[in-house]
Amino acid sequence: WGIIDLVWGLATMFGILIMLFVTYWKLALIVASLVPVIFLFTVLYRKVILKAQRKVRKINSKITGDFSESFLGAKTTKTLVLEDKQNAAFSNLCKDMKKKSMNAAWIFRSTNVLEKSSSTRCLEILPERLKNRNFVKFIVV
């Protein structure tokens, strides 16, 4: 699937760029010059979000393991009076997961906001004669 998606995405991007060159070549030059910057940003973003998500999954697996162990060793825990200690450890794990999950969500949302604001700025630089065309209305919607 990876190669098929790559070919499909590249074909779509080149098709859009060709149509943009046909329609308005100055804007197409601006867009074409931004492609390497967007590519670099995407690679860096992917590494950051992947690292954040891995931290969340690691803590989630610890929580799952602790939860399972608490069921299996319930008699031993009660016999040794370890409920408060295990409850505190489990609460700390849950708090840590919440913190890491919120961090990952913040990273994801901040790039979404950046994407929306940059596309709005790009539409502001369009000449008035292009703003009234249907393809710009389609992009905005």
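The values are calculated or read from the model by the stated rules, or taken from the named source; none is laboratory data. Source: prediction; values computed, not measured. All Cβ positions, glycine included, derive from the backbone under ideal geometry; neighbour counts span all protein chains shown. Just the protein is used for accessible areas: all its heavy atoms, side chains included, with ligands, DNA and RNA removed. Shrake-Rupley method; radii C 1.70, N 1.55, O 1.52, S 1.80 Å.
Quick notes on this one:
- Solvent exposure ordering (accessible area, 1.4 Å, most first) of Met97, Met19: Met19, Met97
- Net lengthening on full extension, Ser70/Asp96 (0.36 nm per residue, minus Cα-Cα): 7.5 nm
- The slack between Leu82 and Asn103, meaning 0.36 nm per residue of separation minus the straight C-alpha distance, is 4.4 nm.
- R0 of 30 Å, Cβ-Cβ distance Thr111-Leu6: FRET efficiency to nearest 0.05: 0.90
- Solvent-accessible surface (1.4 angstrom probe) belonging to Lys99, in square angstrom, nearest 10: 140
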